[in-house]
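Novice: The structure is given below, and queries will be raised subsequently.
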Amino acid sequence: MDILQLLVSGLANGCIYGLIALGFVLIYKATEAINFAQGDMMMLGAFITLGLTNTGYMDLPFWIAVPLAIALMGVFGYLLDLIVIRRMFGEAQIAVVILTIALGFVMRFAAGTIFGHEPQSLETPYAGQDLRFGGVVLGVDEAVVVIATVALTVVLFLFFNRTKLGVAMQASSQNQLAAYYMGIPVRRVQSLIWGLAGVTATIAGVLYASKGSIDPSAGLLGIKAFAAAVIGGMGSLPGALLGGIIVGVIEPFASRYVAAGYSQIAPYLLLFLVLVFRPHGILAQVHRKKV
Amino acid sequence: MRVVFKTSYDHDIGMFRHRAQATWYVLLLTGVLALPLLLGSFLIGEMTNMLIWAIAGMGLMILVGQTGQASLGHAAFLAIGAYANVILQQRAGLPFLVSFPLAGLIAGAAGVLLAIPTTRLHGIYLAIATLAVSILVEDFIVIAEPLTGGVGGMFAADITIFGYAINRYINPDAFYWLTLAVTLLVVYFYRNLLRSPLGRAFAAVRDSEISAQAMGVNVPRTKALAFGLSTGITGLAGALMGHYSGVITHENFTVIISIQMLLMIVIGGLGTIHGAFFGAMVVVFLPQALSFLRDWVSGMTGGGSVAISGLETAVFAMILIAFILFEPMGIYGRWLKIRTYFELFPFYRKNMFRRQKSYLKTERMR
């Protein structure tokens, strides 16, 4: 029963990592760029929701605030690409990485200046309620996390494989020039994917903030989520979720059964081992290298 | 405009391009040697700090700028250098002149060890693997308390060279000259490295691994050597950093420092020795300039001084964004362009430094 409880709480945490990792994978899938600011976008989304719904701020109803925040962050992501990232078109991958790291710093500063550096918690209608299955206690917030994550992954997976826009996104990363010839507006497609990444980041942020508290440095969680994305296999949506859950589940078990101090290194040790033995992740998509 | 007329291969690998360039560098050397006579002890301390960051930057530059291997984990090797130096002095009782090079060697060996499993990784995967190493080493410092003093950290004793004690606060000028000597040695080594076959192999690996392999470069060995040299030099910087700050803890070597080091050399200009120095100047003098500016503004408005936390990082990040968008070659690249403009005046063309852009193709199958 103890193990089951650890598993459940790990699963909920893992889903959050998985959601942030989804954002990484989305952008990687469509533009081959890595958005190191994904964690900070999550933080920003959470803070926008918090600013809209908390009683200390604008005090809107929760179910109005969340879609509003999602829409705002979607527009934010689109504009971010339109104004900043698009200029990096055709530049080296590492340059985009560095650019997004810097953008993350700026977002963290902006959120810290507006909302302060103290941890705050998001007021949700379902806070503090529990579900009990036998001896296992599951908070409603945790259940919401798991359900929302799985639903979002399925929707995104279908979006990428079934819809015209999703296929266009994949095409524009697989061969940019050919995608242009086929009449795909590659630049606009890339901006759309950044908007979509903003949307998933906000959902992750809302779920994360409802489970605990959020402060401007919460974006550093992005590093752990990135580890999850790489463990699962960069470029694979189910892989991102799988990696997130693996990282999330390992953490509580490590802190329960391994000496303190050693437990927090478990995800990174796993990441390092995966990279050494399976350099492209568990659900790898690279099978051969072109010259 | 100066036309350099090369009459032998020796000219091609010469230390300086022409006599006038050598003259400028000799003037610069005299200037920095005489600096303690001109500046107060605070500014000399800051200059020393700048030189230490420049050494660390050069270490990272060999890997990122010369060999094209991204590393987000160099704070780990700063830490290894700093701790190795202090531990060798305290536990083994070695003098600074022995422990300092040994610290570099240990950090270099650690880099080669890291390179063995990671040479298969490319680009972003390598960056994330080194990021993981940075986090692991930071945690390891806390865990290995008997060796490293855990959370409390360690105190670095004064440097003693043949009975002459050097302390940052008591005789800052001596510490400055010591750091300057190390910096000059590293610059000399770096410059020579670029002229050697190994340096050319680094550049070949950076530009295309497959072409390098076809030309007979042993790619894994070259990468491992790049890692070793890079981390070794960074380790030396770490050892100096330990003596500079007096006390070292795991918090001096967080993953944020790793990231900051990479950002630093990008601002300075990737692939050049000058870039490491320009980047270090930005990192060290930006906070000073900002606090100066803040005092000035609050003096103008008459209000109390306003402290905005995180402002330095944000300004640093915004400068970085501006550079990546508008000047990808960094401060040194901008300087090159300005110099060329005046050398060629009035024949400078706008697209002279323009780079070929490429269309993206994925290596993924789905």
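FYI, it's all coordinate maths here, none of it is from the lab. Nothing here was measured: the structure is a model prediction, and the numbers come from that model. Here the Cβ is made from the backbone with ideal geometry for all residues, glycine too, and neighbour counts use every protein chain on show.
Novice: Cα to Cα, under 18 Å, and not fewer than 8 places away if on the same chain: which aspartates and glutamates meet these conditions relative to A:Lys29?
Specialist: Hits, sequence-local ones excluded: A:Asp81, A:Glu91, B:Glu363.
Novice: Right, something else. Roughly what would the spin-label model give for B:Met300 and A:Leu131, points 7 Å off Cα along C-beta, in nm?
Specialist: Each label point is offset 7 Å from its Cα along the Cβ direction, giving 5.9 nm.
Novice: Could you pull out every whole DSSP H run in chain B that spans at least 27 Å of Cα extent along its own axis and averages 0.5 or higher on the Kyte-Doolittle scale?
Specialist: On the way: long enough: B:19-38 (28 Å, 1.34); B:41-61 (29 Å, 1.35); B:96-118 (32 Å, 1.96); B:123-143 (30 Å, 2.12); B:172-195 (34 Å, 0.87); B:219-245 (38 Å, 0.58); B:273-301 (41 Å, 1.12).
Membrane-span-like by this rule: B:19-38, B:41-61, B:96-118, B:123-143, B:172-195, B:219-245, B:273-301.
Novice: In the stretch B:160-210, what chymotrypsin sites (Phe, Trp or Tyr not before Pro) fall in a loop by DSSP, with at most 11 other Cβ atoms inside 10 Å?
Specialist: B:Phe162, B:Tyr169
Novice: Using Cα-Cα distances under 8 Å and only pairs 6 or more residues apart, what relative contact order does the stretch A:2-219 have, in percent?
Specialist: Result for the stretch A:2-219 is 42 percent.
Novice: Can you pull out the chymotrypsin sites (Phe, Trp or Tyr not before Pro) in the stretch B:1-89 that DSSP calls coil and that have at most 14 other Cβ atoms within 10 Å?
Specialist: Passing both the DSSP loop test and the Cβ count: B:Phe5, B:Phe16.
Novice: Using a basic spin-label model with each label point 7 Å from the Cα along Cα→Cβ, how many nm lie between A:Ser217 and A:Ile114?
Specialist: Result for the modelled spin labels: 2.1 nm.
Novice: Once each part is reduced to its C-alpha centroid, what is the distance from the stretch B:26-71 to the stretch B:162-186 in angstrom?
Specialist: Value for the Cα centre distance between the two parts: 13 Å.
Novice: Just to be sure I understand: with springs between alpha-carbon atoms less than 10 Å apart, which residue in B:Asn49, B:Asn351, B:Asn192 has the highest mean-square fluctuation in the Gaussian network model of chain B?
Specialist: Result for chain B, Cα springs under 10 Å: B:Asn351 fluctuates most.
Novice: Here's a follow-up. How big is the gap, in Å, between the Cα center of the stretch A:264-284 and the Cα center of the stretch B:73-109?
Specialist: Measuring centre to centre over Cα atoms gives 29 Å.
Novice: Please build a GNM for chain A, connecting alpha carbons under 10 Å apart, and tell me which residue among A:Ile85, A:Ile231, A:Ile147 fluctuates the most.
Specialist: Greatest mean-square fluctuation among the candidates belongs to A:Ile147.
Novice: Across peptide A:100-113, how many C-beta atoms of other chains are within 10 Å of each residue C-beta, on average?
Specialist: Numbers: counts 2, 9, 15, 4, 2, 13, 9, 2, 4, 10, 2, 1, 6, 5.
Other-chain Cβ atoms within 10 Å of each residue's Cβ, averaged: 6.
Novice: At a Förster radius of 41 Å, what calculated FRET efficiency corresponds to the Cβ-Cβ distance of B:Arg349 and A:Leu60, to the nearest 0.05?
Specialist: Result of the calculation: an efficiency of 0.15.
Novice: For B:Trp335 and B:Tyr25, what does the FRET efficiency come to when R0 = 25 Å and r is the distance between their Cβ atoms, rounded to the nearest 0.05?
Specialist: For R0 = 25 Å, the calculated efficiency reads 0.95.
Novice: Quick one: net charge around A:Gly112, please, counting Lys, Arg +1 and Asp, Glu -1 for every other residue with C-beta under 13 Å from its C-beta. Numbers along the way, then the final one.
Specialist: On the way: positive: A:Arg108; negative: A:Asp40, A:Glu118, A:Asp215, B:Glu312.
Charge balance in the 13 Å sphere: -3.
Novice: Pick from A:Asn175, A:Asn35, A:Asn54: which residue has the top mean-square fluctuation in a GNM of chain A where Cα pairs under 10 Å get a spring?
Specialist: Per the Cα network of chain A with a 10 Å cutoff, A:Asn175 tops the list.
Novice: Among the aspartates and glutamates, which have Cα under 18 Å from the Cα of B:Lys337 when same-chain residues fewer than 8 positions away are ignored?
Specialist: B:Glu327
Novice: If you keep only loop residues by DSSP, which trypsin sites (Lys or Arg not before Pro) in the stretch A:198-291 have at most 16 other Cβ atoms within 10 Å of their Cβ?
Specialist: Loop-located and lightly packed - A:Arg288, A:Lys289, A:Lys290.
Novice: Further question: Of B:Phe140, B:Tyr188, B:Ala314, which is farthest along the charge dipole of chain B in the positive direction, counting Lys and Arg as +1 and Asp and Glu as -1 at C-beta?
Specialist: B:Tyr188
Novice: Now a separate question. Applying 1/(1 + (r/R0)^6) with R0 = 45 Å to the Cβ-Cβ distance of B:Asp12 and B:Ile170, what FRET efficiency is obtained, to the nearest 0.05?
Specialist: E between B:Asp12 and B:Ile170, to the nearest 0.05, is 0.40.
Novice: Right, here's the next one. Please report the spacing between the Cα centers of the stretch A:159-179 and the stretch A:17-96 in Å, no decimals.
Specialist: Their Cα centres are 21 Å away from one another.
Novice: Straight-line reach from B:Lys223: which aspartates and glutamates have Cα under 16 Å away, leaving out those fewer than 8 places along the same chain?
Specialist: B:Asp207, B:Glu209
Novice: For the stretch A:2-219, rounded, prolate or oblate, judged on the Cα gyration tensor with a ≥ b ≥ c (square roots of eigenvalues), a/c < 1.5 rounded, else prolate if a/b > b/c?
Specialist: It comes out prolate by the Cα gyration axes.
Novice: Something else: By the gyration tensor of its Cα atoms, with a ≥ b ≥ c the square roots of the eigenvalues, what is the shape of the stretch A:88-207: rounded for a/c under 1.5, prolate for a/b over b/c, or oblate?
Specialist: oblate
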